[in-house]
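Contents: one structure, followed by commentary.
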Amino acid sequence: MTANWSEASEAVRQAKSILIVTHISPDGDAIGSLLGLANGLREMGKQVDAAVDGGVPLFLNYIPGQETVLGELKAGQWDLMVSVDASDEERTGEAGKFGRTHSTQVVNLDHHATNTQFGNFHLVVPEAASASEVVYDWLVYMGHPVSQASATALLTGMVTDTLAFRTSHVIPRTLMVAHDLMAAGAPLFDIINWTMVSRPISDFLLWQRVFPSVKYDDGIVSAVILPDDVKAVGLSDISDAGLVSTLVTADEVMIAIIFKVQEDNTVKLSMRSKVGYDVAQVAFALGGGGHKPAAGATVAGTLDEVWAKVMPMLREVVNRGKLMSG
Ligand code: AMP
Ligand code: MN
Ligand code: MN
């Protein structure tokens, strides 16, 4: 993994117009790193566009600058494109595709170990708990003081990717960066409440429908979400409302997986695991990506076909983990 801090910073210095994109189905870190960087670069006098297919999810609409994010890119030409929190080009969707062909150079800023090293300059830091933390380091490297608007965005990314500082990749430095962002005016209590605690009743109604599908077998727990489940409770996207993260907390469970059946004969997989069990390698083998404890992929086929393909792969991860832990 490489980090071309000086080359990437020089590219920013020379650029007048900059486009920032992130991964599709954006999470808190995708939007946090996108807006943390967009706000910072605008303060530096750059002309900045930020885009992600479909725009900013509702639960993140408190982040300063969110109203500037384009849900669709139709026109434009930029000196530089920066991709944040996306492990490969495909993950940046239509906005990324348009941006690539209309930008002179590309900076790839990320923290996924599975990053494919696309782009001209890389700021890929797998030790970072979030892409937002890498953006923080970059703004500091460029000598730009982090404003309250940037800090609020970046602390959002840190909080969501660490489940409010509860994951194993949180180290003393993570808290040091969080400290600096809080000192710059980011409201930690509100951010945790808005992103982790408060949830619409439709989340529970979705769980109510989905719980009968929960199956547990020797360390692996699974659940199935059908398109009708999502529609019935009025959720617009095919989200799991945090179910997979909850299932993995069961004492006996090493891996939790949700099969989200979609209408185009594909199944979206959402996986979580305990420390020592790597689901990123399974996601990667299926054409997806993510991190050891949280990964996903979209696989073509019916539920039965995808199930038959994926469950043996997870079984192998559990067995290997058992061997390693003696
Ligand atoms: P999710 O279960 O959707 O919350 O995703 C968990 C993690 O896996 C996140 O880090 C995502 O960025 C990553 N991920 C999910 N789906 C994909 C995919 N199709 N390709 C690459 N990474 C993915
Ligand atoms: Mn993300
Ligand atoms: Mn991230």
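The values are calculated or read from the model by the stated rules, or taken from the named source; none is laboratory data. Just so it is clear, the model here is predicted, and its values are computed rather than measured. Backbone-built Cβ (ideal geometry, glycine too); neighbour counts: all protein chains shown.
A few points about this structure:
- Of all residues in the stretch 1-42, those satisfying the criterion of being within 16 Å of ligand 1 (Cβ to nearest atom) and part of a helix (DSSP H, G or I) are GLY28, ASP29, ALA30, ILE31, GLY32, SER33, LEU34.
- Of LEU37, LEU70, all but one fail to be at pLDDT 95 or above, of a type in the set (A, V, I, L, M), under 19 Å from the mean Cα position of the chain (by Cα) and within 16 Å of ligand 3 (Cβ to nearest atom); the exception is LEU37.
- Test: residue in the stretch 148-171 that is basic (Lys, Arg) and either assigned to a helix (DSSP H, G or I) or assigned by TED's automatic domain parsing to the domain that holds THR246 (or both): no
- Meets criteria (touching a residue at least 40 places away in the same chain (Cβ under 8 Å) and either surrounded by 13 or more Cβ atoms within 10 Å (Cβ to Cβ) or farther than 16 Å from VAL318 by Cβ (or both)) for GLY185: no
- Top-ranked residue of the stretch 79-106 - restricted to ones that are more than 16 Å from ligand 2 (Cβ to nearest atom) and without any contact (Cβ under 8 Å) to a residue 12 or more places away in the chain, ranked as nearest to ILE18 (Cα to Cα): THR101
- Among (1) without any contact (Cβ under 8 Å) to a residue 12 or more places away in the chain; (2) out of contact with any strand residue (DSSP E or B) (no Cβ under 9 Å at 6 or more places or on another chain); (3) within 19 Å of LEU163 (Cβ to Cβ), the one test that ILE201 misses: (3)
- Within the stretch 268-276, not a single residue is buried (at least 21 other Cβ atoms within 10 Å of the Cβ), among the aliphatic types (A, V, I, L, M) and touching a residue at least 60 places away in the same chain (Cβ under 8 Å).
- Top-ranked residue of the stretch 85-121 - restricted to ones that are of a type in the set (A, V, I, L, M, F, W, C) and in a helix (DSSP H, G or I), ranked as surrounded by the most Cβ atoms within 10 Å (Cβ to Cβ): ALA95
- Looking across the stretch 1-34, the residues that are more than 14 Å from ligand 3 (Cβ to nearest atom), of a type outside the set (Gly, Ala, Ser) and in contact with a Lys or Arg (Cβ under 8 Å, 6 or more places away or on another chain) come down to VAL12, LYS16, ILE18.
- From the options MET271, MET311, MET254, residue that is within 13 Å of ligand 1 (Cβ to nearest atom), assigned by TED's automatic domain parsing to the domain that holds ARG209 and modelled with pLDDT of 95 or more: MET271
- Cβ separations smaller than 7 Å between residues 6+ apart or across chains give the following pairs from the stretch 153-168 residues that are among the polar types (S, T, N, Q) to residues that are away from ligand 1 (no atom under 15 Å from the Cβ) and in a helix (DSSP H, G or I): THR156/ILE191; THR162/THR174.
- Residue-level check: of (1) at pLDDT 95 or above; (2) more than 16 Å from ligand 2 (Cβ to nearest atom), THR298 misses just (2).
- Put simply, of GLY55, GLY45, GLY76 the only residue that is part of a loop (DSSP other than H, G, I, E, B), without any contact (Cβ under 8 Å) to a residue 12 or more places away in the chain and not acidic (Asp, Glu) is GLY45.
- Selection within the stretch 62-73 - charged (D, E, K, R) and either assigned to a loop (DSSP other than H, G, I, E, B) or in contact (Cβ under 8 Å) with a residue 24 or more places away in the chain (or both): GLU72
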